[in-house]
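Since the structure comes first, as structure tokens, the remarks are kept for the end.
The values are calculated or read from the model by the stated rules, or taken from the named source; none is laboratory data. Because the structure is a prediction, the values reported are computed rather than measured. Here the Cβ is made from the backbone with ideal geometry for all residues, glycine too, and neighbour counts use every protein chain on show. Ligands, DNA and RNA are stripped out before the accessible areas are found, and what is left, the full protein with its side chains, is counted by its heavy atoms. Shrake-Rupley method; radii C 1.70, N 1.55, O 1.52, S 1.80 Å.
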Amino acid sequence: MSGSKRYRFPSASYPAVRVMLLMVMGIIYGYVSDLNLIPSILLFITVVLFWFVSEFILRKVNIILSSHLSTILYCLVIFTASFLWYKVADHNLEKNFNESGFIHFYAWEEIELSGTVREKGYTTSGKRVYVAEIDKSFLEEGLSTSKKYRIRLYNGEVGGRDLQIGSSFRAVVRLYEFPERRNPHEFDYGGWLYKQQIAAHGEITELIEKDEPQTVFSWISLRGYVQKNVDELFSPQTAPMAKALFLGYKEEIGEDTRQNFSRSGLSHIMAVSGLHVGFIVAPIWFIIPFLWTKRWGKWVGLILLTVLLFGYAGLTGFSASVSRASLMAWLITYGKLFSRVRNSINLTAAAAIILLIVNPYQLFDVGFQLSFGAVFTILLLMPEAQRIMPARYRYGKIGALATIVIISVVVQAGLFPILTYYFGEFSIAGPIANALVIPIMTVTVPAGLAISLLPMSSNIMLSYGAIPVEWSLIWIESVAESIGKSELSYFTISNESLLIFLLWGLMILFGGSIRIPELRWKLCIAVLLVFNLFMIEQIFQNKGQSQLKITFLDVGQGDAVHIQTPSEKHILVDVGRWNPGYDSGSRVITPYLKHRGVETVDAVILSHPHADHIGGIESVMNEFKVLNIYQSSYEYESQLYNNYVRKADSLGISVQNVYAGDLIDIESNLRLYVLGPLEKETKPSNPNNYSVVVKIVYGDQSILLTGDAESQQELDLVTYYGDFLRSNLYKMGHHGSRTSSTKTFIEHVEPEISVASLAFRNRFRHPNRDAVSRVSTYSEENYFTSLEGAVVFKSNGKGLQRVEW
């Protein structure tokens, strides 16, 4: 009797992979579950008891049933243990944060603090920043506490006195409010501080005293020593790049440079991780054949490997990325030394398990996902990808260069869902850029790091050694700049579906199993199934796209409203505020629109020429294709206004003055009525009373936006339009000022919902209590960006629904 054997996946060969997958599922469930710590403990104990009964009691009665049940319960034990471990970590983090929560009561006050600097860097705006461990807080007269906590301090160079890593200090600090996420697209800075166990942030206003770091060895002092050497060895232009490439210290890298590296597919070289660790470990791999021939060679190699990796991890501040890469490199090199490299995938999974045990939060860190995503992609796809290359070229110089390109293509393709989900951009120029840069880095990084570690007493010799390294740094940055600035090097894409992660993972497994027919076809079926689920999800999402969406962005004391029409056209009504060194266009509106994948703004409506309404217009024109600008004809003399007019003219953007009675034509099923200003020969002295007022009508729903119209203009609106002013949603005029939202006007609008755009702390004391009271007579829902952050609504033409983000 003959027959073909049925293929069975050798899961027993991948024990670490199975445990890793169960841990990942358990941690994810811990993240989404609302279960508290005590019920989580009880759940884990219950599962363990069931497993114990099955393994040691049921086995005596029915061994087959016991075997199957024990396997299932064993998996559940790992799952619930990971779930519980996340809950324990979350509980401890919250407990530590709450214990230092007293400091939040002193927001916007100046208090005296003493502590030690642990980290040092720059913000993206160029301001010096420190992370310090505080050991004494002088809160009020006669009141102090020795409760320890971490704080992030800005503007540290006071009176020319800079703080060094390891410095003890005493300073007066103005504390800021603990940050909250204010707009849908924004980086959750407060959440990031929380995960870093940083309890507060503030600005040093007076440095009372400081002590230089002690000479006792510490990783912090060594890191500071290397950074100081880099500043002396390299020019001011290349020193920030050297610190980023050698140490992963990116705080001095400007935003433009970061963007160039990202769009050219080279951002990974500034995130010190597997690539850099590979450069450090490479010498050990070269001498492994020699070590095999010596009696104690393997152990000598293992010690050298451990010292190198531990030293480099310490030098980079034991960053998560280096720790991950070092652990993976140690396990794989250990296996190679002792001839136990039977399965690199299993060793990589073991590294992930160890890191998740140390800190389960790492699973949600994009760096963790990118690191392990890249490694698993390479291990699964590279063996098949290399077969594309003819055998005669595979091991020569051409093969080495081709391998770099292939690895880059494989990694970029494998990381597609992560890159688009988190960053909304995908580089297609990565393979070319990496081929131009990686070969040089194999020498630049080890050589640059080596000379930066040497004492500066041999300054002349080191300065000569730094010259070729500096040339290499210039070349790397020039490649990133020339490729990254090209619009052909990348494309933007909005990806908010989690199904694409599962789809992409199955596709990678399919590619890795292409030569195993039995497994290949099973994975092909799984890919097709998930692809269909993904398409169904997209159909339902696109069905919901035919809605009007309106977002009142939080731009502080200013106005900025984004309207997405049912046919996905984009309108901005006002563009936020401008202050020296800040404008809402670059800080809020541009990142928000790019996050949504917007490239063209169909219309910008500027209600009036005050800086809190037109502040971001230049940034918007610089970053997006603006088709039309509609504005008030009020002649206003300000440099900001004049610059905007000149900029629009130079870009060929149509700027039109609009008046009451005009209709802005965007699309057929949406009406934008201009209700103000009335065209007058003599304009009012106050630009607020010559605001562009628009009423947007979609189906049965209407939205009224009145800019900063005050009582004088509101009276004109009531006189000319009467009950036509009635609207479902009303943006409170002039940020909730007492001079707007007058009783007669509100009686005609009769809003169901109102939104006021303003800052929590503002010198005008907005919103006015009487104005809010007048609006609340009719409005059942009142929202304030100062309290809520951005406020978002959607409408199908039959009703308005608040959208939580």
Residues located in the range 642-657, provided they are open to solvent by 30 Å² or more (accessible area, probe 1.4 Å) and among the hydroxyl-bearing types (S, T, Y): S650, S654
Candidate set from the range 236-260 (those that are at pLDDT 80 or above, open to solvent by 10 Å² or more (accessible area, probe 1.4 Å) and part of a helix (DSSP H, G or I)); member that is nearest to L449 (Cα to Cα): P240
Candidate set: the range 577-597, residues that are of a type in the set (G, A, S) and touching a residue at least 40 places away in the same chain (Cβ under 8 Å); chosen: the one surrounded by the fewest Cβ atoms within 10 Å (Cβ to Cβ): G581
The listed residue being among the aliphatic types (A, V, I, L, M), more than 15 Å from I418 (Cα to Cα) and open to solvent by less than 60 Å² (accessible area, probe 1.4 Å), out of L488, L506, L499, L519: L519
Only listed residue being modelled with pLDDT of 90 or more, in contact with a helix residue (DSSP H, G or I) (Cβ under 6 Å, 6 or more places away or on another chain) and surrounded by fewer than 20 Cβ atoms within 10 Å (Cβ to Cβ), chosen from F178, F79, F105, F138: F178
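Quick one: in the range 33-76, which of the residues that are hydroxyl-bearing (S, T, Y) and within 23 Å of E94 (Cβ to Cβ) is least open to solvent (accessible area, probe 1.4 Å)? Break it down into steps so the answer makes sense when it comes.
Applying the first criterion (hydroxyl-bearing (S, T, Y)) to the range 33-76 yields 33, 40, 46, 54, 66-67, 70-71, 74.
Right, trim to within 23 Å of E94 (Cβ to Cβ) and you get 33, 40.
Working: S33: 20, S40: 0 Å².
Looking at the filtered set, the residue picked out is S40.
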Residues being under 23 Å from E180 (Cβ atoms) and in contact with an Asp or Glu (Cβ under 7 Å, 6 or more places away or on another chain) - total across the range 556-573: 5
Residues being surrounded by fewer than 19 Cβ atoms within 10 Å (Cβ to Cβ) and more than 28 Å from the chain's Cα centre (by Cα) - total across the range 784-800: 4
Helices (runs of 4 or more DSSP H) fully within the range 268-343 counting 1 or more residues that are charged (D, E, K, R): 297-315, 320-337
Those residues of the range 319-338 which are surrounded by fewer than 21 Cβ atoms within 10 Å (Cβ to Cβ), small (G, A, S) and under 18 Å from A349 (Cβ atoms), in sequence order: A320, G335
In the range 760-783, residue farthest from T744 (Cα to Cα) [restricted to those that are open to solvent by less than 100 Å² (accessible area, probe 1.4 Å) and of a type in the set (D, E)]: E781
Conditions (1) open to solvent by less than 80 Å² (accessible area, probe 1.4 Å); (2) closer than 30 Å to L139 by Cβ; number of the one not met by H91: (1)
Identity of the residue in the range 146-161, modelled with pLDDT of 90 or more, assigned to a strand (DSSP E or B) and basic (K, R), that ends up nearest to S100 (Cα to Cα): R150
Helices (runs of 4 or more DSSP H) fully within the range 722-805 counting 2 or more residues that are farther than 28 Å from Y176 by Cβ: 743-749, 769-776
Condition met for Y225 (open to solvent by less than 20 Å² (accessible area, probe 1.4 Å), modelled with pLDDT under 85 and farther than 22 Å from E425 by Cα): no
Residue list for the range 297-310, filter: more than 29 Å from the chain's Cα centre (by Cα) and surrounded by fewer than 19 Cβ atoms within 10 Å (Cβ to Cβ): G297, K298, W299, V300, L302, I303, L304, T306, V307
Yes/no for F83 being at negative phi, in contact (Cβ under 8 Å) with a residue 40 or more places away in the chain and out of contact with any strand residue (DSSP E or B) (no Cβ under 8 Å at 6 or more places or on another chain): yes
Of the criteria (1) over 30 Å from T590 (Cβ atoms); (2) modelled with pLDDT under 90, which one L506 fails: (2)
Total residues in the range 108-117, condition more than 16 Å from S146 (Cα to Cα) and surrounded by fewer than 17 Cβ atoms within 10 Å (Cβ to Cβ): 3
The range 565-576, residues that are in contact with a strand residue (DSSP E or B) (Cβ under 7 Å, 6 or more places away or on another chain) and either open to solvent by 10 Å² or more (accessible area, probe 1.4 Å) or closer than 16 Å to H735 by Cα (or both): P566, S567, K569, H570, V573, D574, V575, G576
Among residues of the range 362-399, those that are out of contact with any helix residue (DSSP H, G or I) (no Cβ under 7 Å at 6 or more places or on another chain), at pLDDT 75 or above and β-branched (V, I, T), counted: 1
Residues (at pLDDT 95 or above and within 19 Å of G733 (Cβ to Cβ)) located in the range 787-797: V791, F793
Residues located in the range 632-641, provided they are within 35 Å of the chain's Cα centre (by Cα) and open to solvent by less than 70 Å² (accessible area, probe 1.4 Å): L640, Y641
Unique residue being touching a strand residue (DSSP E or B) at 6+ places or on another chain (Cβ under 8 Å) and of a type in the set (D, E, K, R) when the list is E618, E537: E618
Candidate set: the range 364-379, residues that are surrounded by fewer than 21 Cβ atoms within 10 Å (Cβ to Cβ) and farther than 13 Å from A349 by Cα; chosen: the one farthest from the chain's Cα centre (by Cα): I378
Residues that are at pLDDT 95 or above and open to solvent by 50 Å² or more (accessible area, probe 1.4 Å), drawn from the range 672-698: Y673
Failed item in (1) part of a helix (DSSP H, G or I); (2) at pLDDT below 85, with F426 passing the rest: (1)
